[in-house]
Structure formats: C-alpha cells, structure tokens
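Structure first, then comments.
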Amino acid sequence: MDLPISLEFFPTKTPEGAVKLRAVRQQLYALKPEFCSVTFGAGGSTQDGTLQAVSEIMVEGCAAAPHLSCIGQSRESIRERLAAYTAADIRRIVALRGDLPSGYGVGGEFRYASDLVAFVRAETGDRFHIEVAAYPETHPQAKSPLSDLEAFAAKVKAGANSGITQYFFNADAYFRYLDDLQHAGVDVSAVPVVPGIMPITSSTQLMRFSDACGAEIPRWIRMRLQAYGDDTASIKAFGLDVITALCERLGQGGAPGLHFYTMNQSVATLEIVNRLGLR
Ligand code: FAD
C-alpha cells in the first residue's frame, strides 16, 4: 500500500511550545508528508500564529497550507489574509466556515464556507489549491445528511479542489459518503476526499472533541476506553490497533490519502504509519 500523507498542526501559544513543535515536525518529516496544514482559530487568538507556523514549515522544506475560516470576518479582512498568504508564497489553503467560541456574535460578511471559496477564487483566481471540510457522519448543524452533501457539492462548485474529512472511526460511513457525493454530482476521482485520521492517545480528550464536532465513537470503542480508566499505556496500545486497522481498511478501499490530526504530537502518527508499512 502506498498512500500520500498530510499532517495537521495547531499554532502554539508560547515560545516554549513553538520549540517543542519544531522538534515534533522534524520527527514527522520522516513520513515525507505531501503538505502540512495549520489550523486557524475562528475566535482570533492564534490567527497570526497560523501564518508564522506555515512560514516555518515552508522554510523547513515542506509544503504548507494555512486553514482560513470566514465566520465573523469581513471581505476586507479576508482580502488582507489572502494578500499575506500570497506574499508568503503560499499555494494551498484549507477554506472553512469555522466556529466562533461562545460569547462571540455571528456577524461577518460570509455565511458558509462555499461563500469563502467563491470569494477566494474571485479575488485570486487559480493561485491557491483550495481544500474544504467534509463530514462522512454529517456536520452537527446540518439540516439533513442530504443538505450536508449539497453543502460539500456547493463548495466544489465554488472552486474547491479537494476535501479533508472530519475524523471518524467507521470506515463504512466514509465509503458510503463517497458514493453519496458521486450521486450528488461530485466527481470524487477529480476532487479527492481524503479521510482525516485522529490517533487515539487519550480517552477524555477524545470524548470531549468528539462530542463537540459530532464524530461518533462506536460503543465498543467508548466502552473499552472507559474501562481503561487512567491506564494510559493500555489506551495508547488499543488506540494504535484500532486506528491502524481503520487506515488499512481505508487504504484497501481506495482512499486517496491519509490526513493525520497530529495534535502536535509525533509518536502515535509515526507508529501508525510505520505499522502500515507506508514509509
Ligand atoms: P460549511 O461547509 O459552511 O458548513 C457548515 C454548516 O452549514 C453545515 O452544517 C452545512 O451542512 C451547512 N450549510 C452549508 N452551506 C449551506 C447552505 N447553502 N444552506 C444550508 N446549509 C448549509 N475550525 C476552525 O475554526 N479552524 C480550523 O482551522 C478548522 N480546521 C478544520 C479542518 C478540517 C479538515 C475540518 C473537517 C474541520 C475544521 N474546522 C476548523 C472545523 C469547522 O470550522 C467546523 O466544522 C464548522 O462548524 C464548519 O465549517 P465548514 O467549513 O465545514 O462549514
């Protein structure tokens, strides 16, 4: 099995964190990632950190993509971001609606990610390869699974080149999603939808994230994680088995690549890719 790999990081908040993340990235470059992406805090706290981290990654010799979320933003502020990304020689972005932290009003001049994609294309033509988010288990705010498929199709129509999924633990949901997208008019061989992979390293963090983003933890996984309690060694060992098996199935079923949510850690991602025999 040979699959392209991409890696996702989030910007650090302290100089010590940045030093640690640099070391993590150096370890992960052994996986020869196609690109690394860096998240963008819709609330604003880490937005400059995104460009800084992306610039560092490019200096380190790897292609990099900043995430860009549009909720709460004006056209002018997005235009300024795009100008900064152009000046930094960035060629790929992950275009999102984003979620504002509670306490922020909605506001802004963009409603959906498809509006952002259309704006980026209108402003910058074909300069950027545009990635967008995809939800095999349906976005939690979607009116229905069908309307969420249509939302993805609208992003493609607006000019998105490819998709990265929210993480999931059920390979069938992903394959079904690809079939449904195809029926909804998205040519998934021309617009690859890469599965997002979340290594399991901690039970409480995973439960918290999954509840917030609508990723289903199957009962058998949840029960096992709960039974391990504070036994982090067992959680990690179990997590490696489960996620390696998931990636194997995805690869065998024709997934076009694997996008790892590294959580700024190297060990689990390295071990999974090693077990898959990919590098
Ligand atoms: P959209 O595609 O706009 O969809 C949002 C909701 O609106 C969905 O329920 C959709 O069904 C619905 N919708 C869309 N268009 C229409 C329409 N025309 N009519 C009716 N309903 C519609 N968040 C961050 O803040 N920063 C990040 O860096 C970040 N990175 C991410 C990376 C990946 C790979 C993924 C999968 C998610 C990421 N997120 C990030 C989370 C993301 O911002 C949230 O999931 C957010 O709630 C939705 O963003 P979106 O781009 O999918 O929005």
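Legend: Rg and Dmax of the chain, from Cα coordinates, 18.1, 52 Å.
State whether region 91-160 is rounded, prolate or oblate according to the following rule on the C-alpha gyration tensor (a ≥ b ≥ c being the square roots of its eigenvalues): a/c under 1.5 gives rounded; otherwise a/b larger than b/c gives prolate, and the remaining case gives oblate.
Judged from the Cα gyration tensor, region 91-160 comes out oblate (a/c at least 1.5, b/c at or above a/b).
With viscosity 1.002 mPa s and temperature 20 °C, the Kirkwood radius over alpha carbon pairs of region 203-247 converts through Stokes-Einstein to a diffusion coefficient of 196 µm²/s. Relative contact order of the chain: 21 percent, from C-alpha pairs under 8 Å at least 6 residues apart in sequence. Rolling a 1.4 angstrom probe over the chain with all protein chains present gives an accessible area of which 52% lies on carbon and sulfur atoms. Dipole size of region 68-195 about its Cα centre, with +1 on Lys/Arg Cβ and -1 on Asp/Glu Cβ: approximately 280 debye, rounded to the nearest 20. In the full protein context, the chain carries 47 Å² of accessible surface per residue, based on a 1.4 Å probe and ignoring ligands, DNA and RNA.
Positive end of the dipole of the chain (Cβ unit charges, origin at the Cα centre): among Tyr135, Val273, Ala190, the Cα lying farthest that way belongs to Val273. Of Ala83, Ala154, Ala113, the residue with the greatest mean-square motion in the GNM of the chain, using alpha carbon springs below 10 Å, is Ala83.
Report summary: the helix-based calculation at 222 nm, which adds -39500 (n - 2.57) for every DSSP H run with n ≥ 4 and divides by the residues of the chain, gives -15000 deg cm²/dmol. Amide H contacts of Ser6: Glu34, Leu258, His259, Phe260, each under 5 Å away and 5 or more positions distant or on a separate chain (H built 1.01 Å from N in the peptide plane; Pro and chain starts excluded).
The values are calculated or read from the model by the stated rules, or taken from the named source; none is laboratory data. Everything quoted here is computed from the prediction, not taken from an experiment. No Cβ is skipped: glycine too gets one built from the backbone with ideal geometry, and neighbour counts run over all protein chains shown. The accessibility values were calculated without ligands, DNA or RNA, using every heavy atom of the protein model including side chains. Shrake-Rupley method; radii C 1.70, N 1.55, O 1.52, S 1.80 Å.
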